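Structure, as structure tokens:
The values are calculated or read from the model by the stated rules, or taken from the named source; none is laboratory data. What you see is a predicted model, and the numbers here were worked out from it, not measured in a lab. Counting neighbours? That spans all protein chains shown, and the Cβs are built from the backbone with ideal geometry, glycine included. Just so you know, the surface numbers come from the protein's heavy atoms only, side chains and all, with ligands and any DNA or RNA stripped out. Shrake-Rupley method; radii C 1.70, N 1.55, O 1.52, S 1.80 Å.
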There are 4 protein chains.
Amino acid sequence: MSAEIEAATAWLTASELQAARQRLPIVYLNLVPVRLDANARVSHVGLLLRATPDGDLTRSIITGRVHYGELILDAILRHVEKDLGPVCLPVMPTSTVPFGVFEYFPDANVTGLRDSRQHAVALGYVIPVNGDCRPSQEALDLVWISVADANNGRLDLEMTDGHSRVVRAALAYTGSLS
Amino acid sequence: MSAEIEAATAWLTASELQAARQRLPIVYLNLVPVRLDANARVSHVGLLLRATPDGDLTRSIITGRVHYGELILDAILRHVEKDLGPVCLPVMPTSTVPFGVFEYFPDANVTGLRDSRQHAVALGYVIPVNGDCRPSQEALDLVWISVADANNGRLDLEMTDGHSRVVRAALAYTGSLS
Amino acid sequence: MSAEIEAATAWLTASELQAARQRLPIVYLNLVPVRLDANARVSHVGLLLRATPDGDLTRSIITGRVHYGELILDAILRHVEKDLGPVCLPVMPTSTVPFGVFEYFPDANVTGLRDSRQHAVALGYVIPVNGDCRPSQEALDLVWISVADANNGRLDLEMTDGHSRVVRAALAYTGSLS
Amino acid sequence: MSAEIEAATAWLTASELQAARQRLPIVYLNLVPVRLDANARVSHVGLLLRATPDGDLTRSIITGRVHYGELILDAILRHVEKDLGPVCLPVMPTSTVPFGVFEYFPDANVTGLRDSRQHAVALGYVIPVNGDCRPSQEALDLVWISVADANNGRLDLEMTDGHSRVVRAALAYTGSLS
């Protein structure tokens with residue numbers, strides 16, 4: 001896509017985006033950062049600490065939308081670097097086939113996955129990172145929890161809106177769900 | 001989703017939809033109807049005959065968008081029945097994990113998949129149908145081509161905008177691509 | 001495969017099979033039978049009741065090996081009909097791509113999935129069944145547990161050798177894991 | 001697995017292995033090495049040059065069996081390093097879910113995938129490599145062909161026994177099949 005088109009369309013005004021979000025499902029990403037051990041098994045899952053609009057603190061995965069004119073792989077890289085910093089050295093997926101498709105609605109009763117702002121159709125990818133991660137932007141902190149802890153109920157204690165389900169599906173896909 | 005919300009939001013006016021299509025990627029479906037033989041192998045692929053906006057005839061798969069508030073599985077059923085009729089008896093996928101994610105742009109040079117109206121992110125599913133298929137709505141006709149013919153260049157002769165690539169990816173996924 | 005070849009090779013003697021099992025990984029299937037509701041969502045998971053070699057009762061999914069010369073789709077059908085009877089009306093997968101690959105070893109410490117007889121590499125498939133299921137062969141009984149119960153710890157109470165993990169991965173793949 | 005067990009069982013005598021291969025399907029790997037460009041898109045596919053038992057030269061992907069007691073991820077690394085050398089720096093898959101399952105038989109008429117020695121059930125994985133590749137062991141040479149060439153019939157000219165089909169399925173999975 002040419003630079004002009006991107007400048008014109010990728011960044012909607014806040015009110016335009018809000019209007020669109022009440023009319024159309026939004027193409028979203030759900031990215032689960034992981035650390036691998038020396039044998040290429042998942043050892044840790046990365047969770048961001050965020051403040052919710054209501055002022056609560058919650059753990060979350062990396063999420064965000066795909067811009068108009070943007071390829072999925074480019075959007076993955078943009079969101080990972082936005083949240084984990086420019087030297088996190090992510091391993092990009094070899095395919096855009098996601099491990100799961102997660103459907104979020106303002107009403108938590110539809111799927112159990114809630115997004116108060118919109119109907120989002122999120123493609124899920126597991127993203128191993130090899131570098132130095134520094135949470136940036138609105139993320140306050142990043143913790144790496146072990147696969148053992150992730151399997152022992154810790155996810156549900158700290159995550160809201162169904163995000164723990166996405167992490168569990170990622171663990172299942174990587175063979176780490178017990 | 002409640003009936004009122006659906007009435008209010010699923011059907012945008014034509015101008016609203018056109019505006020949104022120039023601002024946001026649209027959640028789309030690419031559905032490849034197939035016939036299975038007695039051993040559950042794909043024997044035929046179903047292609048619709050459509051008139052393009054330019055008046056040309058082209059073969060295509062089943063495509064369409066997901067409405068605001070609509071679940072993917074419901075959108076799949078809606079589009080299949082819209083194009084193949086109410087008694088086509090589709091076999092619904094057991095998972096919303098697609099066999100491929102197809103990114104369409106107005107500019108054919110980005111991915112080779114072109115949609116003059118929009119940037120669409122299409123989730124691909126293979127849909128076996130067991131019943132009586134009657135093309136409806138804007139589809140003029142439906143043909144079933146054998147897997148052998150699909151592998152012998154016939155797809156490229158009749159399909160445009162990269163749709164043959166989606167069919168080949170579906171054949172690869174089902175083990176029918178030679 | 002011709003009938004003569006099948007007769008000659010599919011059925012090893014018990015001692016031959018035992019010897020092979022200590023030398024080579026065995027190609028296995030892990031099949032998770034499910035019931036779908038009217039909207040094509042998984043509502044129930046089917047579990048067989050079996051007596052273990054030690055005389056204990058345990059719940060399990062459908063498992064079994066692929067014979068020499070046998071296609072995976074044919075082996076799936078054979079095992080489903082063997083355990084659920086000839087009129088269970090299974091929906092065969094459209095692809096042999098499994099939702100998970102499960103590696104069983106005699107030593108439970110390797111992957112948590114244990115098979116005392118062999119090193120098995122099991123391909124996992126979700127199999128919706130529409131018909132009348134009658135457990136046959138060595139299965140004593142079949143129960144359908146709801147997705148809600150499957151998510152509430154009931155699997156771990158009744159299943160051994162890591163089989164509950166396979167069911168949870170199947171639930172994750174179908175979007176039913178909470 | 002302990003070293004003693006590996007020594008005892010991984011390496012069957014040639015005659016034992018030959019006997020087993022006429023009795024049981026063999027767990028196999030089909031690994032497609034690729035180079036990625038700066039945007040994480042597949043740019044080239046790596047093909048090995050091998051001499052067939054009949055003395056012909058043929059291009060092939062990386063293939064090999066999983067040993068008794070060996071995990072799939074370990075077998076992937078072993079075969080990649082065996083054929084591409086110890087500094088090829090492969091990117092290991094994050095999941096053992098394959099992009100395809102390929103069923104080889106001595107009779108080419110069953111699936112079109114032929115292996116004169118055995119019935120093999122091969123799990124397919126795409127393996128990006130970042131380092132310096134030096135074909136070793138029985139591979140005589142390694143060539144990297146561009147995605148454009150791979151899509152223009154070059155695969156079929158040089159590959160036998162259905163291997164080109166595996167490469168095409170890998171291209172479809174990575175969004176590179178045209």
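Values as computed for the structure displayed
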quantity	calculated
Ellipticity estimate at 222 nm from DSSP helix runs (n ≥ 4, -39,500 (n - 2.57)) divided over chain B, nearest 500	-7000 deg cm²/dmol
With DNA, RNA and ligands ignored, accessible area of B:LYS82 (1.4 Å probe; Å², nearest 10)	40 Å²
Carbon/sulfur fraction of accessible area - chain A, other protein chains in place, 1.4 Å, %	51 percent
At least 30 Å² accessible surface lost relative to isolated chain, residues of region D:48-85 (1.4 Å probe)	D:TYR68, D:GLY69, D:LEU71, D:ILE72, D:LEU73
Nitroxide proxy distance, nm - points 7 Å out along Cα→Cβ at D:ASN109 and C:ARG41	4.9 nm
Spread of Cα-to-Cα distances over 5 Å intervals beginning at zero, given as percent, for region A:17-105	3, 11, 18, 23, 23, 13, 6, 2, 1, 0
Rough spin-label spacing in nm, given labels placed 7 Å along Cα→Cβ, for A:ARG117 and A:ASP74	2.1 nm
Whole-number Å³ per residue for the convex hull built on Cα positions in region C:75-138	100 Å³
Those aspartates and glutamates that a straight Cα-Cα span of less than 15 Å connects to B:LYS82, excepting residues fewer than 8 apart in one chain	B:ASP74, B:ASP132, B:GLU138, B:ASP141
Whole-angstrom gap from region A:19-97 to region B:105-149, using each part's C-alpha centre	30 Å
Heavy-atom accessible area per residue - the protein assembly as shown, 1.4 Å, Å²	40 Å²
Nm distances between copies for C:LEU140, ranked from closest, using label points 7 Å along Cα→Cβ	5.4, 6.2, 6.5
Position D:LEU17, label points 7 Å along Cα→Cβ, spacing to each other copy in nm (shortest first, one decimal)	2.6, 5.8, 6.0
Loss of accessible area when D meets B, both sides summed, Å² nearest 100, probe 1.4 Å	600 Å²
Chain B, closest residue to the rotation axis toward D, by beta-carbon, whole angstrom	B:ALA172, 2
Simple spin-label estimate for D:LEU17 and B:ALA19 in nanometres, 7 Å along Cα-Cβ	6.9 nm
At 7 Å out from Cα toward Cβ: D:SER116 inter-copy label distances (nm, ascending)	4.4, 5.5, 6.9
Whole-angstrom Cα spans of chain C along principal axes, big to small	45, 37, 30
Rg/Rg_ref, the protein assembly as shown, where Rg_ref = 2.2 N^0.38 Å and atoms are Cα	0.93
